[in-house]
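Worksheet for the structure shown next.
The values are calculated or read from the model by the stated rules, or taken from the named source; none is laboratory data. Worth saying up front: this structure is predicted, and the values here are computed from it rather than measured. With ideal geometry, Cβ positions are generated from the backbone for all residues, glycine too; neighbour counts draw on all protein chains shown. Just so you know, the surface numbers come from the protein's heavy atoms only, side chains and all, with ligands and any DNA or RNA stripped out. Shrake-Rupley method; radii C 1.70, N 1.55, O 1.52, S 1.80 Å.
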Amino acid sequence: MPVVGARSRGRARAAIAAAIAFATVTAVACTNGTDQVAVAPALGSAPPSPSRPNIVFVLTDDLSTNLLPYMPHVEALAKQGMSFTNFVVSDSLCCPSRASILTGNYPHSTGIFINHGSTGGFFEFQKRAEDKHTFAIPIQARGYRTAFMGKYLNEYYSTYPAPAALGEWTPPQATYVPPGWEQWDGVGNGYQQYNYLLNHDHHVKAHAHRPKDYLNSVLQSYGTSFIGNSAAQHKAFFLEVASFTPHTPNTPAPRDAGTFAGLTAPQDPSFGKAPVDAPGWLANGGARIPFTKTAYKLINNRFRQRVEAVQSVDRMVGALEDRLASTGQLANTVFVFNSDNGYHDGEHGLYPGKMTAFDTDINVPLIVVGPGIAAGSTNNDLVQNIDLAPTFEQLTGATPAPSVEGRSIVPLLHGRQVPWRTLQLVEHEGPDLAPDDPDVQTPQEGNPPTYQAIRSARFTYVHYVDGDTEYYDRLIDPYETDNLAPTLSAERAAQLQSWLTALHECKGAAQCWQAGQPPGV
């Protein structure tokens, strides 16, 4: 399927990249072998330029890597920029992952481990004042126009009553807009893509079930308008468009319904069977459920629905790029495509779902296009969602706070070989048993107990609250089919646990950076 304007966009980016390679890292000073962002003066409302780029960030919900072949505009992005093969989320669950994206911190620092209640959700995020520590605030202070559109955090609604469970704490007003955002189009409960409320700058707009109300189309319209208005004002801008797609119920745009009839889910070597020596939650849950004809039908239908649903996101990506091109801002813009978590669809003997530490759920797409980024390049460093906030801040000239546990990937984007972490951390609290949680899953779909995991370039190690462990050597077992934890020596097991504990307990940039690259990995 041809991508309109992709060739011309690629030529434009290639030309500008040749002229200004490494431009956005000229403010970086090297200290003790690490990159520290130099403090830059405020620039007011200076116009965008290759060294002060606009940023467009498209964040999807539950989008796994196996959907990319069905997204031609996104695949065109990959050909124009850099793809990260080892990008991992801090938790394969919506709210904790998005909290990490916004703040640059692990769940153990944000306090957001689930989607609701005392350890998760929008109310806890706001109650803990985490909304005052997002990347939007320093970016806006740098004179950027900032806009957020779509799904913020679970439990965010455009209007809501005060939950009784919050006790004496008073929640924000019903049309609350978090600090740092000049334009706000937050949506509550937009999973169905219809019949939702949208908070447009403190004014609630009700959308019904008409074709023009389809949420991704509305977000596309808001996003392209924001780009046009910002360009007309000659101001640099940051735009985040956060879709609910392809989260269940996987509602496609009317034009996409039924367009992939007969499509079946891919089947890798882990499909339909649990790993050897699976942990108890899996061996006694998903693994004991036989994959009948009904199961295959469910899995194939879900995959087809997800493919149909992401077509509207793919068109949105193309429309945003086209608007950047028509306003003359394409060469001055860093375009980022990402997902809050992945998804399994039959792998490891599980029905469709997420929440596990398998790569299907935690290793998600990150594609970045922009000035000085080599076209068609790939990066294999161990990058995480906590790295996005400091990256956005450095690109705009802001200085990440010492409390931010992520690391800017700007040097990586420009092909520099710099010291990098050798371990990634994943933290999950479970099982999720809340019936009103849109992410609640059955044992067959995968609903593990609390665990922490570390992932290196070669292995994944998982420790569960009940004492179960997993160890997969992904070099010889890339589909994680054989749990080698029972074969580990006591010394090796203790070493892995020590590394995991250090990362799980780290606080702040310096401590977490050190814990993420222990000797001997």
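Around Ile137, what is the net charge, scoring Lys/Arg as +1 and Asp/Glu as -1 over all other residues with Cβ under 15 Å from its Cβ? Residues near Ile137 contribute -2 overall. When a 1.4 Å probe is rolled over the protein heavy atoms, the share of accessible surface on the chain that falls to carbon and sulfur comes to 55 percent.
By a straight-distance test (C-alpha under 26 Å), which lysines pair with Lys273 as possible cross-link partners, with residues fewer than eight away in the same chain excluded? Partners found: Lys293, Lys297, Lys354. For the range 203-352, pairs of C-alpha atoms spaced more than 20 angstrom apart make up 61 percent of the total.
Against the compact-protein benchmark of 2.2 N^0.38 Å, the Cα-based radius of gyration of the range 76-140 scales to 1.29. Gain on full extension, evaluated as 0.36 nm per residue between Ala129 and Ala325 minus their Cα-Cα distance, stands at 66.8 nm.
Relative to the current alpha-carbon distance between Ala295 and Ser221, full extension at 0.36 nm per residue lengthens the span by 22.8 nm. For the pair Ala494 and Ala261, a Förster radius of 51 Å applied to the C-beta separation gives a FRET efficiency near 0.45, rounded to the nearest 0.05. In terms of its C-alpha gyration tensor, the range 49-92 comes out oblate, because a/c is 1.5 or above while a/b does not outweigh b/c.
Cα convex hull, the chain: 141 Å³ per residue, rounded to a whole number. Determine the gain in length on full extension of the stretch Gln417-His234; use 0.36 nm per residue of separation and subtract their C-alpha separation, reporting nm with one decimal. In short, 62.4 nm is gained. Surface analysis of the chain yields an accessible area of 37 Å² per residue, using protein heavy atoms and a 1.4 Å probe.
Please report, in cubic angstrom per residue, the volume enclosed by the convex hull of the alpha-carbon atoms of the range 192-234. Hull volume normalised by residue count: 65 Å³. The Ser51 and Glu505 beta-carbon pair, evaluated with R₀ = 30 Å, returns a calculated FRET efficiency of approximately 0.20. Taking a ≥ b ≥ c as the square roots of the Cα gyration tensor eigenvalues, with a/c under 1.5 meaning rounded and otherwise prolate when a/b beats b/c, else oblate, which class fits the range 308-429? It is oblate, given that a/c is not under 1.5 and a/b is not larger than b/c. Spread over its residues, the convex hull of the C-alpha atoms of the range 371-510 is 180 Å³ per residue.
If you sort the three axes of the alpha carbon gyration tensor as a ≥ b ≥ c, you get a/c of 1.5 or more for the range 362-405 and a/b no higher than b/c, which makes it oblate. The Cβ shell under 11 Å around Ala231 holds other residues with a net charge of +3, Lys and Arg each +1, Asp and Glu each -1. Projection of the Cα convex hull of the range 302-348, averaged over all directions and equal to a quarter of that hull's surface, yields 4.3 nm². Site pair Ala457 and His202 shows an inter-label distance of 5.2 nm when each label is modelled 7 Å from Cα along Cα→Cβ. Computed over the range 203-275, the P(r) curve from all C-alpha pair distances, binned at 10 Å from the origin, holds 14, 31, 27, 17, 10, 2 percent per bin. A compact globular protein would have a Cα radius of gyration near 2.2 N^0.38 Å; the ratio found for the range 443-521 is 1.15.
Tally the DSSP beta bridges in the chain and give the antiparallel ones as a percent, rounded to 5. Given both bridge residues lie in the chain, the antiparallel proportion sits at roughly 55 percent. Answer with one residue from Ile362, Leu330, Ala309: the one whose Cα lies farthest towards the positive end of the charge dipole of the range 290-373, charges on Cβ with Lys, Arg +1 and Asp, Glu -1. The residue sitting most towards the positive pole is Ala309.
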